[in-house]
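Notes follow once the structure below has been shown.
Values in this text are rule-based calculations from the coordinates and carry no lab data. Everything quoted here is computed from the prediction, not taken from an experiment. Backbone-built Cβ (ideal geometry, glycine too); neighbour counts: all protein chains shown.
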Ligand SMILES: *Cc1c(COP(=O)(O)O)cnc(C)c1O
């Protein structure tokens with residue numbers, strides 16, 4: 001049995017998305033900026049897609065800018081707010097310790113350029129509070145950027161409350177909602193969001209396409225020069241097939257959101273229940289305040305990397321953290337941010353499921369993970385020390 005359980009890294013394209021894209025490769029292939037009908041038909045498709053993305057977020061189509069993905073949207077939102085903030089003498093930015101690297105590395109770059117960055121603690125629960133955000137806001141704060149749902153542990157942040165705090169204090173609020181959009185309800189108006197990033201390939205759309213929502217009236221600067229596309233904010237001929245595919249996938253996900261949430265949550269509960277039986281292991285992050293499909297466990301005395309390789313032999317595709325850091329031996333910054341010691345953070349396993357998974361596949365995971373953990377522990381000198389009492393267990 002082959003089980004794909006790494007949907008937080010990327011997802012399979014839906015049939016709907018794939019079929020929606022097809023005509024835009026070789027039938028309606030004009031440049032949307034061209035005035036003849038080949039171009040105008042592509043332009044119509046582009047604007048239909050923009051309307052669909054806007055509708056999914058309760059935004060206006062004029063507030064949607066297409067990008068090359070979540071990373072670009074994050075970069076644009078943050079760099080743009082920093083440039084505009086600096087013009088008013090505001091060079092302080094607030095974020096959290098467990099953001100995606102598209103956010104953290106952009107903030108690092110700004111720090112080197114003289115900006116001051118405050119990274120808030122996310123506690124053992126993997127949740128920052130609106131009060132903590134409020135307390136960190138200063139006269140010179142130009143931006144608060146807090147992710148909607150974490151990509152490694154799945155916990156959801158109090159976005160609406162954080163947004164309200166930012167509105168009250170007159171500070172811009174951006175959220176990296178790449179793991180939330182199409183998975184849980186997102187309403188930019190109700191949730192007081194000024195800017196939001198999303199990515200097509202995290203919800204059964206194509207890779208290399210995303211969008212940035214920017215509330216009407218908020219100025220953004222452009223990252224890429226060269227043309228009037230995206231109202232001058234993002235030059236370059238639009239990737240029409242990908243944009244159409246992303247919009248189709250998003251529309252489909254939103255349409256089936258309730259049933260998907262119910263189905264995926266039930267399988268997740270099955271997973272948590274099954275894997276919680278493994279001794280000296282624990283679920284990371286708040287038990288309930290999480291996206292439907294993502295769980296992250298730590299098992300003491302083993303290496304996440306070896307766990308992944310053996311699970312691959314059992315047909316299971318999982319992750320030990322984010323796709324960007326797997327392959328490196330550094331423990332995940334997210335797991336360190338929720339207070340796990342290095343040696344425990346190394347033994348982590350992220351499983352992220354979607355509506356295409358089945359209860360039989362979950363049973364396959366529950367059958368194999370304990371076996372692999374036991375096998376790895378049987379060869380682990382660290383586990384030997386823990387058993388003999390030479391070292392103390394961190395996870396009881
Ligand atoms: C995947 C992901 C990104 C990056 O999106 P890309 O489209 O792959 O650039 C950013 N933030 C989060 C939380 C993600 O999960």
key: Compactness of the stretch 289-396 as Cα Rg over 2.2 N^0.38 Å, two decimals   = 1.09
remark   = A student applying the Cα gyration tensor rule (rounded when a/c is under 1.5; otherwise prolate if a/b is larger than b/c, oblate if not) would label the stretch 72-220 rounded
Packing-based ranking, highest mean first, of 254-265, 6-17 given that Cβ atoms within 10 Å are counted = 6-17, 254-265
key: Normalised contact order of the chain, rounded percent, pairs of Cα under 8 Å and 6 or more residues apart   = 22
Spread of Cα-to-Cα distances over 5 Å intervals beginning at zero, given as percent, for the stretch 100-178 = 3, 14, 27, 25, 21, 9, 1
In degrees, nearest ten, helix 37-57 long axis to first principal axis of the chain (Cα) = 50
ask   = Expressed in nm to one decimal, what extension gain is obtained for the pair residue 31 and residue 139 from 0.36 nm per residue of sequence separation less their Cα-Cα distance?
value = 34.3 nm
request  = Would you mind putting 100-107, 166-173, 112-119, 297-304 in packing order, based on average other-beta-carbon counts within 10 Å, highest first?
outcome  = 297-304, 100-107, 166-173, 112-119
task = Subtracting the Cα-Cα distance from 0.36 nm times the residue separation, let me have the gained length for residue 224 to residue 258 in nm, one decimal.
result = 8.5 nm
Antiparallel bridges, percent of DSSP beta bridges restricted to the chain (to nearest 5) = 55
inquiry  = I want the antiparallel fraction of DSSP beta bridges within the stretch 259-351, as a percent rounded to 5.
reply    = 90
query = Extension gain residue 125-residue 190, at 0.36 nm per residue separation less the Cα-Cα distance, in nm?
reply = 20.9 nm
ask   = Radius of gyration and Dmax for the chain's Cα atoms, expressed in Å?
value = 21.8, 78
ask   = Quick one: what Rg and Dmax do you get for the stretch 150-249 from the alpha carbons, in Å?
value = 14.8, 41
remark   = Rounded to the nearest 10, the angle in degrees between the Cα long axis of helix 304-313 and the longest principal axis of the Cα atoms of the chain comes to 90
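Using Cα-Cα distances under 8 Å and only pairs 6 or more residues apart, what relative contact order does the stretch 1-107 have, in percent?
13
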task = Specify the inter-centroid distance of the stretch 228-307 and the stretch 97-160, based on alpha-carbon positions, in whole Å.
result = 20
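Only bridges with both residues in the stretch 89-231 count here: give the DSSP antiparallel percent, nearest 5. Intermediate values should be presented prior to the final figure.
Details: 6 of 20 bridges.
In the stretch 89-231, DSSP labels about 30 percent of beta bridges as antiparallel.
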note = Relative contact order of the stretch 222-305 (C-alpha contacts under 8 Å, at least 6 apart) in percent is 17
key: Acute angle (nearest 10 degrees) that the helix 159-169 long axis makes with the longest principal axis of the chain, alpha-carbon atoms   = 50
message = Can you order the peptides 219-232, 201-214 by their average number of other Cβ atoms within 10 Å per residue, highest first?
response = 201-214, 219-232
